[in-house]
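So the structure is just underneath, and the comments pick up after that.
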Amino acid sequence: MKKKTYLIALALAGATALTLVAAGCNNNGGGHEAADAQTGTYRGIESTESVYGVAAVTTAKLLETKEAPAAVALAADTGTAADKAQAELDDFNKYFNMLDTFLDKAETKTVVEKNPSADEALAGYEFKLTITGKNAAGENVPHTVYFTETAGLSEKETRTDRDGETETTVTKTYTLDGVIEMGKDETGAAIYYYMSGTRAELEITETDGRETETEWTSTLTMKASVQKDDPVNYVLLTHTQSSEAEAGETETESLYTYTVVENGVPVEITAVGFEAETEKNETETEYTVAFKKGASRGVYTIERETKGGKTEIAVEYLIDGTAGRFTVVKNADGTYRYRFSENSADDRILEDFFD
């Protein structure tokens, strides 16, 4: 596993919340997507609009796991690396299902349009957002979000020192309100989860007449719940995204942090960072998932690799000090098979809750 994986593990060993972990992706070239949400089509998961979609879908999926069917019985934890991972598969399956749609981030497409719905429950929202990703089987999986973004504070301040160096600071804030459609119930009626939150942008530009350096940070805080404005049972997401641009080079970082709150008590914290690389028509996408649940700490590195049209998903893990590796295969019936060795008797099958 890469160095950032161990940095996350180290942070989880302490009492500090995962929002302090700097474990995002680092890419050169490409800038940030600032300003208000706009209609249009967006590729990848870096734009503000795409972040809204990913945040809404993943928080809603974590809500769904509370009522998901139980997984098959797992082997007892005998202390070996494979047994330890198998004992934790219920939780990993939850995380994997949450991310499944976005494992190939380059194939993720977000379409934002003015809300055309005449439904009384939906017509009050300004935008309709449809985010479509590909699951582990390469199938397109769309999700729909209806939301309104309202601009709040907007400030700009420029200072020039005695040496002629200028610093300009721009601050913008927004509030969000919306619903996400997550399938249908037994009567065929759409199931909606509620979401609300805020987004704040800070951009600092420094110039000395020869060079210009720009730092930009966006912080999204979103709460998702089954009941609107539920104060004690919800999933709280914090997404931080930042970029630094200087001399034609740009570095970006992004991190999603989820806190599951039940009866007013935080019971689980999960952080997700990602990176992707394409070379010679071969694409590798890597997600790092770190969790803190009770006394347990774990880090999973999920790597999705496509070669010659074939996709493989490999997982490296470090759970309470025990490291190992397994692969993930999606079966024709929608379940996932987790392979720990060449011996099929070691395999474990869990449900695909969401697609």
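The values are calculated or read from the model by the stated rules, or taken from the named source; none is laboratory data. Note that the structure is predicted; figures quoted are calculated from it, not measured. Glycine also receives a Cβ, built like all others from the backbone with ideal geometry; neighbour counts cover every protein chain displayed.
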Count, please, the residues in region 252-266 that happen to be farther than 17 Å from Thr58 by Cα and either of a type in the set (A, V, I, L, M, F, W, C) or buried (at least 16 other Cβ atoms within 10 Å of the Cβ) (or both). 3
Looking only at region 34-53, which residues are part of a loop (DSSP other than H, G, I, E, B) and either modelled with pLDDT of 50 or more or buried (at least 19 other Cβ atoms within 10 Å of the Cβ) (or both)? Ala35, Asp36, Ala37, Gln38, Thr39, Gly44, Ile45, Glu46, Ser47
Only one of (1) closer than 24 Å to Thr198 by Cβ; (2) of a type in the set (Lys, Arg); (3) in a helix (DSSP H, G or I) does not apply to Lys94, and that is (1)
Some residue of region 288-296 being at pLDDT 85 or above and among the aliphatic types (A, V, I, L, M): yes
Tell me which residues, restricted to region 250-281, are at pLDDT 85 or above, out of contact with any helix residue (DSSP H, G or I) (no Cβ under 7 Å at 6 or more places or on another chain) and among the polar types (S, T, N, Q). Thr259, Asn263
Those residues of region 208-247 that are assigned to a loop (DSSP other than H, G, I, E, B) and within 30 Å of Tyr193 (Cα to Cα) come to a total of 8
Here the residues within region 217-244 that are crowded, with 21+ Cβ neighbours inside 10 Å and touching an Asp or Glu at 6+ places or on another chain (Cβ under 6 Å) are Ser218
Qualifying residues in region 297-335 (those that are at pLDDT below 75 and outside any loop (DSSP other than H, G, I, E, B)) - the one surrounded by the fewest Cβ atoms within 10 Å (Cβ to Cβ): Lys310
